[in-house]
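The values are calculated or read from the model by the stated rules, or taken from the named source; none is laboratory data. Since the model is a prediction, treat every value here as computed from it, not as a measurement. A quick note on method: Cβ atoms are made from the backbone with ideal geometry, for glycine too, and the neighbour counts reach across all protein chains shown.
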Amino acid sequence: RPPPPRPVQVSKKIAWLLRHGAEKEHLTLDSAGFANVHDVLENRNLKSLKVTFDELRACVRENDKQRFTLKLRSKSADTKDDDEDENEKESKNPSDYLIRANQGHSLKKIIQDQELLQPITATEENNIPAVAIHGTTKNAWKLIVASGGLKPMGRNHIHFAPGLPAEGKEKEKEKEKEIPVISGIRASSKILIYLDLAKAMQAGIKFWRSDNGVILSEGDENGLISMHFFQRVEDRTKEGGGAILIRDGKLL
């Protein structure tokens, strides 16, 4: 198998470092997950690929899942690399910038949810996503059933997408718009778990939204989102043919 394209290699190195490897690599992150870009570029994982500042900026700008946020140190956390012209005028020095991964962390001791994420609350009507989908595989589904629900599995959060990958989109007759496509679910996921988000929130489970739109939760006090909160589960494997495995929290 040929190696992945260089942009993919660079993106994966940055994602690993900011999501999982910071402590091991002695990279300083603040409570919102930001690291100094100079320190990131000087890390051995990126130095081995000779990643440049311009290449890192392109990686942030062009990443299809919007995995990263880049900001000037003097700017607010909401300032991203979208405004390329303004940033270039202000500084070309990597030390003047901070970068973070928008979600997917396993660094509980460092990252504070309230600093990194936006809470999803029932008090704000427009704040609750219409859809929350967790994609998984046939083998992983067996483990989910055996454990009684979804767990973070080594990460800080369980991930849900507010829509489907492009090849999984469906236009619903009663809706004018398609569900948006965004980070949080792999195109290869063939078992789709549709969460009853309102029901789970009513039970006291907290949910958050990342900068790139992924819905995140630590689960209940046991780190679990029970199958009781699964609105439906679809088997989209070739063998499954779209069969419904769970409806309203009950196995069929």
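Going through segment 26-52 one residue at a time, which ones are more than 24 Å from Ser91 (Cα to Cα) and buried (at least 16 other Cβ atoms within 10 Å of the Cβ)?
Across segment 26-52, the qualifying residue is only Asn45.
Go through segment 1-61 and tell me which helices (runs of 4 or more DSSP H), entirely inside it, have 1 or more residues that are under 20 Å from the mean Cα position of the chain (by Cα) and over 16 Å from Lys108 (Cα atoms). If you could, list the steps in order and put the result at the bottom.
Numbers: elements: 6-16, 37-42, 44-47.
Once the helices (runs of 4 or more DSSP H) in segment 1-61 are filtered for at least 1 residues that are under 20 Å from the mean Cα position of the chain (by Cα) and over 16 Å from Lys108 (Cα atoms), what remains is 6-16.
Taking the options Gly241, Gly204, Gly213, name whichever one is over 19 Å from Gly148 (Cβ atoms) and exposed (fewer than 14 other Cβ atoms within 10 Å of the Cβ).
Details: Gly204 fails: over 19 Å from Gly148 (Cβ atoms); Gly213 fails: exposed (fewer than 14 other Cβ atoms within 10 Å of the Cβ).
None of the others qualify; the one that does is Gly241.
So which residues in segment 79-106 are touching a Lys or Arg at 6+ places or on another chain (Cβ under 8 Å), in a loop (DSSP other than H, G, I, E, B) and modelled with pLDDT under 70?
Across segment 79-106, the qualifying residues are Thr79, Lys80, Asp81, Asp82.
Is there any pair linking a residue in segment 8-22 that is touching a residue at least 24 places away in the same chain (Cβ under 8 Å) to one that is in a helix (DSSP H, G or I), with Cβ under 6 Å and at least six apart or on different chains, and which?
Correct list of pairs: Val10/Cys59; Ser11/Cys59; Lys13/Asn45; Lys13/Leu46; Leu17/Asn45.
Filter segment 231-247 down to residues that are touching a residue at least 24 places away in the same chain (Cβ under 8 Å) and out of contact with any helix residue (DSSP H, G or I) (no Cβ under 9 Å at 6 or more places or on another chain), then give me how many there are.
Final tally of qualifying residues: 2.
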